[in-house]
1. Kindly write out, for the stretch 123-135 in residue order, the coupling ³J(HN,Hα) from the Karplus curve 6.51 cos²θ - 1.76 cosθ + 1.60 (θ = phi - 60°), rounded to whole Hz, with x marking Gly and Pro.
2. Send over the Kirkwood Rh of the stretch 74-162, from the inverse of the averaged 1/r over different Cα pairs, rounded to one decimal Å.
3. Keeping the other protein chains in place, figure out the carbon and sulfur percent of the accessible area of the stretch 137-264, with a 1.4 Å probe.
4. Which of 26, 162, 79 moves most in a GNM of the chain, Cα contacts under 10 Å?
5. GNM, the chain, Cα, under 10 Å: largest mean-square fluctuation among 63, 243, 218?
6. Is there a quick way to get the dipole size of the stretch 114-192? I mean about its Cα centre, with the Cβ of Lys and Arg at +1 and of Asp and Glu at -1; what is the value in debye to the nearest 20?
7. Which value results when the Cα radius of gyration for the stretch 1-113 is divided by 2.2 N^0.38 Å?
8. Please state the charge dipole magnitude for the chain, taken about the Cα centre, from unit charges on C-beta atoms (+1 on K and R, -1 on D and E), reported in debye and rounded to the nearest 20.
Amino acid sequence: MCKRKIFTVNLYDYLSLDKAKVCKDYQDHNKDVINMYNNVIAAKDEDRWEYVPVDIDDELDNFCKDSSLSLLEDMPVKYKYQMISDLVRYKYMVENPDSIYIDTDLCIFGHLGMEVLNAMSKSARKSETDLLAGEMNKNRLFPCNWLMIGSGKPDNIFIDMYNLLKDRMLLSSYEEYKFTEGKWDNKMESYIWEKLWGYAIPRELKTSKFSLIPYEYFQGCEWNKDWKDDSIMKKFRLVGCHFFGFGEGGRPNWTEFVNYHNLV
């Protein structure tokens, strides 16, 4: 049996920083869950999973540092590293098209979470259709990039996402962007949210090349709410959690969340 990759992006060793401790705890738990799942299915005719933290490679690093091409140097820091992380995750999915990407703040709770991911991976490969996270915000469902499951198909959505983001990060693309005052405070912020962000990239690509992962498995049905609010999630469906979606109350550690909501 081969080992397929479940990976996260540990950009410039971000997870070793004090401010990333809660995400490091999520990822340490994910690694344990994946290893335990492999042990459970060891006697079955099932592919194993390997947990992999991924950093930027030299080729992509050179692109990002080329100020004559990349918009990154002009970006506020809080956006800059998110954009680099997005490029890294897309590139890795291009090179490993049957892998699964999980964001640093996504926690798989246990065996059932791995069963769900494994089943969706099988479905993606059978249908040759890549899967992107379904994200619910303000009663609208978006495709997003905090959870991505590859079909193994060479001509995949991740190639399109990677190339589109690289193209839009060129200074020339930014200079051509027509900014209209209103929703965003300035041209840079408008460009980032409308053209570069995790939901902005897939919404302009062929929907025939991807399907959505049901949001109820890994996220609430409202955005930027308190994680203690029962009404914003379907607890009977949750097998993990993308903790970025919570605003008030901060990010809990995964055991605090699971115990508070009596999920196990």
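1. So the Karplus estimates, Gly and Pro as x, are 5, 4, 5, 5, 8, 6, 10, 5, 10, 10, 4, x, 10 Hz.
2. About 14.0 Å for the stretch 74-162.
3. Answer for the stretch 137-264 is 46 percent, counting heavy atoms of protein chains only.
4. Comparing 26, 162, 79 in a Gaussian network model of the chain, the most mobile one is 79.
5. 63
6. Its charge dipole is roughly 260 debye.
7. Here the Cα radius of gyration is 1.21 times the empirical estimate.
8. It works out to roughly 740 debye.
The values are calculated or read from the model by the stated rules, or taken from the named source; none is laboratory data. What you see is a predicted model; the values in this text were computed from it and never measured. When we count neighbours, we look across all protein chains shown, and the Cβ atoms used for this are built from the backbone with ideal geometry, even at glycine. Just the protein is used for accessible areas: all its heavy atoms, side chains included, with ligands, DNA and RNA removed. Shrake-Rupley method; radii C 1.70, N 1.55, O 1.52, S 1.80 Å.
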